[in-house]
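Chemist: Okay, handing you the structure first.
The values are calculated or read from the model by the stated rules, or taken from the named source; none is laboratory data. Everything numeric here is computed off the predicted structure, so don't read it as measured data. Backbone-built Cβ (ideal geometry, glycine too); neighbour counts: all protein chains shown.
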Amino acid sequence: MSANGKSNGEGLRKAVGLRIVQARLRRGWSQASLARRLEVSRERLGGWERGSSAPSLEVLARLSDVLEVTCEELVRGKVPVPQIPPANRSEAARYLNAFLQTIRPWLQPPKKEEK
C-alpha cells in the first residue's frame with residue numbers, strides 16, 4: 001500500500017487509464033471509435049480508462065500503435081524527445097543561428113535616450 005491507501009498497482013492502472021483517455025482525446029476519438037479500432041468492447045476500454053482493469057501487454061502494444069504513442073508514454077508518462085540525426089545537426093544549427101540573428105533586435109533592451 002502507498003501513503004494514500006491505494007496499492008501501487010491501482011495507482012498505475014489509474015495513471016495508464018488517464019493517459020489512454022488523453023491520447024484518445026488528442027486524436028478526437030470517442031471511446032466507441034477507439035474500441036472499434038482495437039476490436040474490443042467499449043465497456044472493456046472504459047474499464048481500462050477508469051483504472052478498474054488493465055490492458056494486457058499485447059493490447060498495450062496495439063493501443064500504442066493505434067494511438068500513435070509509445071508504450072513508455074502510456075505506462076510511465078514519458079514522452080520521447082525527438083532527436084536530430086547527427087548528419088542534420090550542423091544544418092539545424094545554421095537555421096537556428098540565422099533565426100537568432102533575425103530576432104536579436106527584439107531581444108535587446110531599448111537604448112536609453114541621452115538628455
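Chemist: Taking the condition at negative phi, modelled with pLDDT under 95 and part of a helix (DSSP H, G or I), does LEU34 pass? Give the derivation first.
Modeler: Details: at negative phi: yes; modelled with pLDDT under 95: no; part of a helix (DSSP H, G or I): yes.
Criteria not met by LEU34.
Chemist: Something else now. Provide a single number: the residues in region 46-90 that are among the hydroxyl-bearing types (Ser, Thr, Tyr) and closer than 13 Å to LEU18 by Cα. Break it down into steps so the answer makes sense when it comes.
Modeler: Taking region 46-90 as the starting set, the residues that turn out to be among the hydroxyl-bearing types (Ser, Thr, Tyr) are 52-53, 56, 64, 70, 90.
Next, only the ones that are closer than 13 Å to LEU18 by Cα stay: 52-53.
Within region 46-90, residues that are among the hydroxyl-bearing types (Ser, Thr, Tyr) and closer than 13 Å to LEU18 by Cα number 2.
Chemist: Inspect all residues belonging to region 40-58 and state whether any of them is exposed (fewer than 11 other Cβ atoms within 10 Å of the Cβ) and at pLDDT below 90.
Modeler: Checked region 40-58: no residue is exposed (fewer than 11 other Cβ atoms within 10 Å of the Cβ) and at pLDDT below 90.
Chemist: Just checking: which of the helices (runs of 4 or more DSSP H) contained wholly in region 50-115 hold 1 or more residues that are among the polar types (S, T, N, Q)?
Modeler: Because the criterion is at least 1 residues that are among the polar types (S, T, N, Q), the helices (runs of 4 or more DSSP H) in region 50-115 that meet it are 57-67, 86-107.
Chemist: I'm trying to understand the selection: among the residues of region 1-30, which are modelled with pLDDT of 95 or more, part of a loop (DSSP other than H, G, I, E, B) and either more than 22 Å from SER56 (Cβ to Cβ) or touching a Phe, Trp or Tyr at 6+ places or on another chain (Cβ under 8 Å) (or both)?
Modeler: Correct list: GLY28, SER30.
Chemist: Right, next: Quick check on this structure: which one of ARG37, ARG24 is charged (D, E, K, R) and either closer than 24 Å to GLY9 by Cα or over 20 Å from the mean Cα position of the chain (by Cα) (or both)? Outline the logic, then answer.
Modeler: On the way: ARG37 fails: either closer than 24 Å to GLY9 by Cα or over 20 Å from the mean Cα position of the chain (by Cα) (or both).
Criteria check complete, one pass: ARG24.
Chemist: Quick check, is ALA98 modelled with pLDDT of 85 or more, over 24 Å from the mean Cα position of the chain (by Cα) and of a type outside the set (Val, Ile, Thr)? Write out each step before concluding.
Modeler: Values: modelled with pLDDT of 85 or more: yes; over 24 Å from the mean Cα position of the chain (by Cα): yes; of a type outside the set (Val, Ile, Thr): yes.
So ALA98 passes the test.
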